[in-house]
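The values are calculated or read from the model by the stated rules, or taken from the named source; none is laboratory data. Being a predicted model, the structure only gives us computed values, none of them experimental. Reconstructed Cβ throughout: ideal geometry from the backbone, glycine too, with neighbour counts over all protein chains shown. Ligands, DNA and RNA are stripped out before the accessible areas are found, and what is left, the full protein with its side chains, is counted by its heavy atoms. Shrake-Rupley method; radii C 1.70, N 1.55, O 1.52, S 1.80 Å.
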Amino acid sequence: LKDNVLGTTNPSTYSLSRAQYLFNLWYVPQAPYYTTYHGEDSGLPPDTEAMIFPLKNWVQKEPAVQLRKYLDAPDALVGDYYYMQNLTRTIEASGTECWEDILTPAQKCTSVTYLASDINQDGKVDLADINLLFDNWNTPRDRRADINGDGIVNGVDFALVIKDWGT
């Protein structure tokens, strides 16, 4: 899912990249799209945000500080379910990912952490991470490829991947 969410394999398919291109203001309540009214907003149906936000959170693993930028105001001023879901996802993103085996009597939780240079977050820094780095060279569509967080994927990020190679 992580590898295909951006639609780089087949750009004609529905993908996160295509959705963000077509609806670049997907996170703005009552964004000026079309001339229709969908009940809670004018323009995009509210479930557009409900489809894109989880991909940004769960698949792209964007940090809470980035997810907060997508939370402006709810479309419906009272009881907006999608807004409450996304607010909860943003709060959860501040913590660590933790999995529990509920089948065993002794419950223990192991936190999962990744090196920043493990771009695809598969537990190792290898050729797959280099490929993602080069796929995002100078145009960071996947923010994880911008390892040092300076807004551009370049030789500095490449050097960080090489430094952690094989770990």
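Within the range 123-140, which residues are assigned to a loop (DSSP other than H, G, I, E, B) and surrounded by fewer than 14 Cβ atoms within 10 Å (Cβ to Cβ)? Answer for the range 123-140, where residues must be assigned to a loop (DSSP other than H, G, I, E, B) and surrounded by fewer than 14 Cβ atoms within 10 Å (Cβ to Cβ): GLY123, ASN138, THR139. ASN120 meets each of the listed conditions (1) assigned to a loop (DSSP other than H, G, I, E, B); (2) modelled with pLDDT of 80 or more; (3) surrounded by fewer than 16 Cβ atoms within 10 Å (Cβ to Cβ) apart from (3). Consider the range 141-167 and keep the residues that are crowded, with 19+ Cβ neighbours inside 10 Å and not in a helix (DSSP H, G or I). The one that is nearest to the chain's Cα centre (by Cα) is ASP142. Somewhere in the range 40-56, is a residue of a type in the set (Val, Ile, Thr) and modelled with pLDDT of 70 or more? Yes, some residue in the range 40-56 is of a type in the set (Val, Ile, Thr) and modelled with pLDDT of 70 or more.
Candidates TYR27, TYR21, TYR70: the one that is modelled with pLDDT of 75 or more, touching a Phe, Trp or Tyr at 6+ places or on another chain (Cβ under 7 Å) and open to solvent by 60 Å² or more (accessible area, probe 1.4 Å) is TYR27.
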